[in-house]
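In what follows, a single structure is set out as structure tokens and then discussed.
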Amino acid sequence: MNVQELLEKAVQDHASDIFIVAGLPASYRTDGNIVQLGDEKLKPDDTRTYLEQIYALAGERNMDDLLTYGDDDFSFAIPTLSRFRVSAYKQRGTLSAVVRIITFSLPSPDILGIPDVIIHAGNLPKGLVLVTGPAGSGKSTTLACVVNHINETMEKHIITLEDPLEFLHRHQKSIVSQREINADTDSYVTALRASLRQSPDVILLGEMRDYETIEVAMTAAETGHLVISTLHTIGAANTIDRIIDVFPANQQRQIAVQLSMVLQAVVSQQLVPGIDGKRIPAFEIMTVTPAIRNMIRDNKIPQIEGVIYSSNKEDMISMDNSLLNLYKNKRITAETALAYASNPEMLKKKL
């Protein structure tokens, strides 16, 4: 099986990721389960051949970065099949890769199970909106759906900064400028600073990695732009703590005040196994109210969890209440709800 056939098979079987690692057969993940293709284990020469074929499909991309530094990230597309995001790396001295499959067209948010209140975060005129969760929890898809909603309904200039590009957006009502880190620009910080001179209305920042990026993102949100980004945190309170803790101690008070003014919403998501075997997103949603702004400013962040937990509104719902609703709607089992809950004991009483 060559790499083209492997990619076609994975797309046909609705896989999310393909694994090319020596010592195992070529494998892919579908609905959270890893499926091995045949019994023949890949040898180091086999994985190298697969990688060479992938680099050829990606416009004869140069393998020097992978061979020199041991890591390389890029994306490419095969017309009529799909787009692919590749993370190539060395392990035990052999070449390996994990390939994420990205569909050309975004499914409807309703089909994906993304609530309207999240999609309509794109209607905000300015401020900072964060989508958080562990790796592989669907954050990129949620962001792409928000951008797509803006693109379809409003006349804006949207600038996306991604590493690498995932979903491609056509210009509809909006103008969409998509920039890939390392290919189109040097770094997130450089691109973000430059974007402020490019008349943006909306800036999508693939990831807030360090305090310099966070600082510029918050300044952009403060100066009248809508900034949408991601963090690998779970829960709104953890996210706020993480942002503040990134800064030196002598700046944290000032950052807390600034964050209390610019933050508009924090969405935390995770994918949980459904009764039908498919994975379903569960969301914690925190819309920033005047009371929450005061808690952030006065460093009473632990109290935020209580506010979210005691609410069950569409725009303010805890992860546990979201799981409870999925259970009530017979989408997940009680065991799954408890396994993914942030407070299993409290949830058990409600179940």
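The values are calculated or read from the model by the stated rules, or taken from the named source; none is laboratory data. Given the structure is predicted, the values throughout are model-derived calculations rather than measurements. Cβ: placed from backbone, ideal geometry, glycine included. Neighbour counts: every protein chain shown.
The table below gives the values:
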read-out	value
Qualifying residues in the range 1-21 (those that are of a type in the set (S, T, N, Q) and assigned to a helix (DSSP H, G or I)) - the one surrounded by the fewest Cβ atoms within 10 Å (Cβ to Cβ)	12
Conditions (1) more than 30 Å from residue 337 (Cβ to Cβ); (2) surrounded by fewer than 18 Cβ atoms within 10 Å (Cβ to Cβ); (3) of a type in the set (A, V, I, L, M, F, W, C): number failed by residue 227	(2)
Some residue of the range 171-188 being part of a helix (DSSP H, G or I) and surrounded by 17 or more Cβ atoms within 10 Å (Cβ to Cβ)	yes
Evaluation of residue 135 against (1) buried (at least 20 other Cβ atoms within 10 Å of the Cβ); (2) under 15 Å from the mean Cα position of the chain (by Cα) (one fails), failing number	(1)
Test: residue in the range 28-46 that is surrounded by fewer than 17 Cβ atoms within 10 Å (Cβ to Cβ), within 16 Å of residue 93 (Cα to Cα) and in contact with a helix residue (DSSP H, G or I) (Cβ under 9 Å, 6 or more places away or on another chain)	no
Considering residues of the range 189-224 that are within 19 Å of residue 129 (Cα to Cα) and of a type in the set (Lys, Arg) only, the residue surrounded by the most Cβ atoms within 10 Å (Cβ to Cβ)	209
The one condition in (1) under 20 Å from residue 217 (Cβ atoms); (2) basic (Lys, Arg); (3) out of contact with any Leu (no Cβ under 8 Å at 6 or more places or on another chain) that residue 92 fails to fulfil	(1)
Extreme residue, surrounded by the most Cβ atoms within 10 Å (Cβ to Cβ), among residues of the range 314-342 that are more than 24 Å from the chain's Cα centre (by Cα) and not hydrophobic (A, V, I, L, M, F, W, C)	327
Test: residue in the range 212-222 that is out of contact with any Leu (no Cβ under 8 Å at 6 or more places or on another chain), part of a helix (DSSP H, G or I), assigned by TED's automatic domain parsing to the domain that holds residue 293 and in contact (Cβ under 8 Å) with a residue 60 or more places away in the chain	no
Residue satisfying condition, being among the hydrophobic types (A, V, I, L, M, F, W, C), in the same structural domain as residue 138 (by TED's automatic domain parsing), over 23 Å from residue 255 (Cβ atoms) and buried (at least 18 other Cβ atoms within 10 Å of the Cβ), within set 285, 304	285
Residue check for residue 76: touching a residue at least 40 places away in the same chain (Cβ under 8 Å) and of a type in the set (Phe, Trp, Tyr)	no
Answer residue from the range 273-282, given it is surrounded by fewer than 22 Cβ atoms within 10 Å (Cβ to Cβ) and of a type in the set (A, V, I, L, M, F, W, C) and is farthest from residue 115 (Cα to Cα) among those	275
Of all residues in the range 155-170 being over 21 Å from the mean Cα position of the chain (by Cα) and in contact (Cβ under 8 Å) with a residue 24 or more places away in the chain, the one that is surrounded by the most Cβ atoms within 10 Å (Cβ to Cβ)	156
Test: residue in the range 77-84 that is at pLDDT 95 or above and small (Gly, Ala, Ser)	no
Residue tally, condition among the polar types (S, T, N, Q), touching a strand residue (DSSP E or B) at 6+ places or on another chain (Cβ under 7 Å) and under 19 Å from residue 239 (Cα atoms), over the range 123-170	3
Flag if residue 228 is assigned to a helix (DSSP H, G or I), under 19 Å from the mean Cα position of the chain (by Cα) and hydrophobic (A, V, I, L, M, F, W, C)	no
Helices (runs of 4 or more DSSP H) (entirely within the range 22-113) containing at least 3 residues that are within 22 Å of residue 144 (Cα to Cα)	109-112
Qualifying residue in the range 142-155 (condition: under 21 Å from residue 175 (Cβ atoms), part of a loop (DSSP other than H, G, I, E, B) and modelled with pLDDT of 95 or more)	yes
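This table checks each residue for (1) modelled with pLDDT of 95 or more; (2) in contact with a Leu (Cβ under 8 Å, 6 or more places away or on another chain).
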| site | (1), (2) |
| --- | --- |
| 260 | yes, no |
| 264 | yes, yes |
| 273 | no, no |
| 284 | yes, no |
| 295 | yes, no |
| 299 | no, no |
| 309 | no, no |
| 338 | yes, yes |
| 348 | no, yes |
